[in-house]
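Let me begin by presenting the structure, written as structure tokens, before commenting on it.
What follows is calculated from the coordinates using simple rules that are stated; it is not laboratory data. These figures come from a predicted structure and were not determined experimentally. A quick note on method: Cβ atoms are made from the backbone with ideal geometry, for glycine too, and the neighbour counts reach across all protein chains shown.
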Amino acid sequence: MRRIRRGPAWLLTIGLVAALLVLVPLAAGIGAYPIPVGDVLSSVQHKAGLGGTELDRVAESVLWNVRFPRIVLALLVGASLGCAGALMQGVFGNPLAEPGTIGVSLGAAVGAVAAIALGLNFLGNWTLPAMAFVAGLCTVLLVYAMSRAGGRTEVVTLILTGIAVNAFCGALVGLFIFLADTAAVNQITFWQLGSLSQATWPKVLAVLPCAAAGLLLAPLYSRRLDLLALGDRPARHLGVDVERLRIVLILVVALLTAAAVSVSGVIGFVGLVVPHLLRMAAGPGHRFLIPGSALGGAVVLLGADLAARTLAAPAELPLGVLTALVGSPFFFWLLRRTRRKQGGWA
């Protein structure tokens, strides 16, 4: 089986890398101030000391102070959400789990929104990521604890608990909007809709450690997730500490999700759609699925961000709204497909 699946995995990896190599210069060049792709590559070569020529002052400023921070942020956020979705589906053993579905994304947003509404700045640039991480962690631990029955996690209970927690977190966001001043309300609206329009290099540097730590830790648990897919009892017989594995990976999911939400707001369905499509194409092996989902999430979010700022130019579509418009029908199809394969939920 491993030999059969190796071909699709390599082809998908090559395809995703090629898509990134095409999308990055396109995203850097397309916008209100167009820059030819050749000029983009020439400027990058010049900065790297590999030849090329420097562009005029305006083009250089747009490219390096506006476009590239946004591109890097899209790659980090997309990779974090894709990887977190793959981990969630592996931990809970079902294709319906993702950070947004069980309330982690909105829970992390509550922490960030609270920091904005209350004017908290006790950690400088780290305040929002720290608040988002704590709130996201508390949310996912709550959902996990409430979803367990008889020593195992019920899929339906997981989803229903996530819906209830999402509703509660939405109420908290509404409460903070009621308490906030006008300037804070505008920032909170950004978190609700999801956007990368305020990307800057300081924001990239603030989120980079959390995202990098989660993305580096996740592949280390690929083999144990493959064993967990056999079931809790077989995994224990094969030496896997199931409860410890789930707790550690939940922490990694909270870290990745908080990193994404802290700079982009709530962007749903990336963590659901990308891992599931890759699993359908290359099989359930997490050795490819985890890094592949990170790469696929980066491609999807960069493409979605490019579409968000070009489809309605000069206006910009909210990124979270765009991903929801595409992801919601897919989630509905996935629900029906899973229910049909299992013969119903009861």
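One residue stands out among those in the stretch 25-58 that are in contact with a helix residue (DSSP H, G or I) (Cβ under 6 Å, 6 or more places away or on another chain), of a type outside the set (Gly, Ala, Ser) and surrounded by 18 or more Cβ atoms within 10 Å (Cβ to Cβ): the one that is nearest to Ala79 (Cα to Cα), which is Pro25. Among the conditions (1) closer than 26 Å to Lys203 by Cα; (2) β-branched (Val, Ile, Thr); (3) in a loop (DSSP other than H, G, I, E, B), Val240 misses just one, which is (1). Restricting to the stretch 308-341, what's the tally of residues that are assigned to a helix (DSSP H, G or I) and either closer than 23 Å to Ala109 by Cβ or among the aromatic types (Phe, Trp, Tyr) (or both)? So the answer is 15. Is it true that Thr310 is of a type in the set (Ser, Thr, Tyr) and within 21 Å of the chain's Cα centre (by Cα)? Considered against the rule, which asks whether it is of a type in the set (Ser, Thr, Tyr) and within 21 Å of the chain's Cα centre (by Cα), Thr310 comes out as no. Would you say Gly49 is at positive phi and either touching a strand residue (DSSP E or B) at 6+ places or on another chain (Cβ under 8 Å) or of a type in the set (A, V, I, L, M) (or both)? No; evaluated as a whole, the condition is false for this residue. Among residues of the stretch 45-60 that are more than 19 Å from Tyr33 (Cβ to Cβ), those with a beta-carbon under 6 Å from a residue that is not in a loop (DSSP other than H, G, I, E, B) at least six positions away or on a different chain give the pairs Gly51/Gln45; Gly52/Ser42; Gly52/Gln45; Gly52/His46. Residues of the stretch 172-211 that are farther than 24 Å from Ile250 by Cα, small (Gly, Ala, Ser) and part of a helix (DSSP H, G or I): Gly174, Ala183, Ala184.
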